[in-house]
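Enquirer: My structure is below; once you've seen it, I'll send some questions.
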Amino acid sequence: MRFSVLNSDAERRDGLKALLRQIDRMARFNEAQDWRQVTRSLRRQQPDLLAIDWQDWMSAREVRRLLEGDPSLRIAVLSDDTSPRFVRGLLDKGVLGVIQRSTDPRQIVRALEIVLLGGHYVPAGALALTLPPAPAPVLDPTPQDIETVKPPPRRPRLANGLSPRQEQIMRCVHMGSTNKMIARTLGISEGTVKIHLASIFQQLGAPNRAAAVALYNGWLSAQLEVLRSDQESAPRPVMGQPGVVPLRRRPAPSFKYALPANDSADTQPMAAEPTASFGEPGPDEPG
């Protein structure tokens with residue numbers, strides 16, 4: 001599959017790509033920072049899905065222009081704002097899915113799959129429905145002489161889509177077992193283990209065992225920058241403003257003996273401790 005992702009920040013685009021790889025681990029991507037780059041990429045090749053990480057500078061009119069050039073284009077929008085007015089405006093322009101950014105990452109992947117199949121997805125809060133209160137249940141007294149038979153317990157549906165055998169294999173991988181050790185523990189062949197691992201990597205969108213363990217345990221998805229709101233995003237350096245705050249302040253050192261003439265008591269800058277603000281270099285500084 002081929003996907004196009006739109007956002008001006010590279011880290012947020014990478015997070016969106018990580019979610020889309022859970023649909024197709026071998027997917028190819030076209031990245032765009034603005035509407036002009038998206039238009040150029042669509043002229044070259046149409047993607048199966050255009051995923052937009054919505055920002056304040058974006059406009060629904062630009063979405064309409066894209067769909068006028070290619071009405072069959074499937075578009076999904078990931079946004080903080082899921083008010084009925086905002087969602088309705090995007091749906092009227094032709095967007096198939098509007099996904100709330102705070103949604104569980106696995107549900108975001110399922111919503112993207114729905115849009116990829118040509119369906120529509122909107123968050124429940126955007127419908128603005130007022131549901132009537134549920135009626136009180138009517139309890140029928142059961143005669144004491146009738147023995148009620150409980151149905152057999154249903155096996156819970158796994159949220160990540162893995163089978164019970166694949167769950168066993170992932171637990172072994174989490175403990176650091178090799179394919180041969182997993183095969184010996186579960187009583188299956190090493191080739192079967194490899195087949196299961198290939199399917200696990202495909203479902204989780206993981207390129208290797210370490211990434212599969214991180215995704216399986218939910219360690220990786222929660223750290224994606226694309227899932228953070230604008231208020232929670234990591235600060236970016238701004239031209240002309242001072243740099244980041246130093247990690248820690250070191251006290252001025254004291255020396256028992258006098259320092260040599262070619263030495264100084266001034267503290268040296270640490271890593272991640274810029275000596276000047278982010279801005280244009282001075283005339284005496286390298287460009």
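The values are calculated or read from the model by the stated rules, or taken from the named source; none is laboratory data. This structure is a prediction, so every number in the text was calculated from the model and none was measured. Neighbour counts are summed over all protein chains in view; Cβ atoms, including those assigned to glycine, are modelled from backbone coordinates with ideal geometry.
Enquirer: Kindly evaluate ILE108 against the criterion of being part of a strand (DSSP E or B), of a type in the set (A, V, I, L, M), within 18 Å of VAL5 (Cβ to Cβ) and touching a Leu at 6+ places or on another chain (Cβ under 8 Å). Please lay out each step first, then the result.
Expert: On the way: part of a strand (DSSP E or B): no; of a type in the set (A, V, I, L, M): yes; within 18 Å of VAL5 (Cβ to Cβ): yes; touching a Leu at 6+ places or on another chain (Cβ under 8 Å): yes.
Judged against the criteria, ILE108 is not a match.
Enquirer: Hey, among ARG106, ARG101, which residue is at pLDDT below 85 and not aliphatic (A, V, I, L, M)? Write out each step before concluding.
Expert: Values: ARG101 fails: at pLDDT below 85.
Exactly one residue qualifies, and that residue is ARG106.
Enquirer: Just for the range 18-70: of the residues that are among the β-branched types (Val, Ile, Thr) and within 17 Å of VAL115 (Cα to Cα), which one is surrounded by the most Cβ atoms within 10 Å (Cβ to Cβ)?
Expert: Of the residues in the range 18-70, the ones among the β-branched types (Val, Ile, Thr) are 23, 38-39, 52, 63.
Checking the rest, the ones that are also within 17 Å of VAL115 (Cα to Cα) come to 23, 52, 63.
Numbers: ILE23: 19, ILE52: 25, VAL63: 23.
Once the filter is applied, the top-ranked residue is ILE52.
Enquirer: Would you tally the residues in the range 9-39 being assigned to a helix (DSSP H, G or I) and basic (Lys, Arg)? Even if it seems obvious, please write down each step before you answer.
Expert: We begin by selecting, within the range 9-39, every residue assigned to a helix (DSSP H, G or I); these are 10-20, 35-39.
Keeping just the survivors that are basic (Lys, Arg) gives 12-13, 17, 36.
Summing the residues that are assigned to a helix (DSSP H, G or I) and basic (Lys, Arg) in the range 9-39 gives 4.
Enquirer: Taking the conditions exactly as written (under 28 Å from LEU162 (Cα atoms) and either modelled with pLDDT under 90 or not β-branched (Val, Ile, Thr) (or both)), does ARG25 satisfy them or not?
Expert: Working: under 28 Å from LEU162 (Cα atoms): yes; either modelled with pLDDT under 90 or not β-branched (Val, Ile, Thr) (or both): yes.
Considered against the rule, which asks whether it is under 28 Å from LEU162 (Cα atoms) and either modelled with pLDDT under 90 or not β-branched (Val, Ile, Thr) (or both), ARG25 comes out as yes.
Enquirer: Give VAL77, VAL87 a once-over and let me know the one that is without any contact (Cβ under 8 Å) to a residue 60 or more places away in the chain, in contact with a helix residue (DSSP H, G or I) (Cβ under 7 Å, 6 or more places away or on another chain) and not in a helix (DSSP H, G or I). Steps first, please.
Expert: On the way: VAL87 fails: not in a helix (DSSP H, G or I).
Checking each option against the conditions leaves just VAL77.
Enquirer: Select, from ALA252, ALA265, ALA212, ALA258, the only residue that is at pLDDT 60 or above and surrounded by 11 or more Cβ atoms within 10 Å (Cβ to Cβ).
Expert: Numbers: ALA252 fails: surrounded by 11 or more Cβ atoms within 10 Å (Cβ to Cβ); ALA265 fails: surrounded by 11 or more Cβ atoms within 10 Å (Cβ to Cβ); ALA258 fails: surrounded by 11 or more Cβ atoms within 10 Å (Cβ to Cβ).
Unique residue meeting the criteria: ALA212.
Enquirer: Taking the range 176-216 as the search range and keeping residues that are in contact (Cβ under 8 Å) with a residue 12 or more places away in the chain and of a type in the set (S, T, N, Q), which one is farthest from ASP24 (Cα to Cα)?
Expert: Once the filter is applied, the top-ranked residue is THR185.
Enquirer: Restrict the check to the range 60-74 and report whether at least one residue is under 21 Å from ALA206 (Cα atoms) and in contact (Cβ under 8 Å) with a residue 24 or more places away in the chain.
Expert: Residues of the range 60-74 that are under 21 Å from ALA206 (Cα atoms), as a first pass: none.
No, the range 60-74 contains no residue that is under 21 Å from ALA206 (Cα atoms) and in contact (Cβ under 8 Å) with a residue 24 or more places away in the chain.
Enquirer: Taking the range 46-59 as the search range and keeping residues that are under 30 Å from ILE200 (Cα atoms) and in a loop (DSSP other than H, G, I, E, B), which one is farthest from the chain's Cα centre (by Cα)?
Expert: Filtering first and then ranking leaves GLN46.
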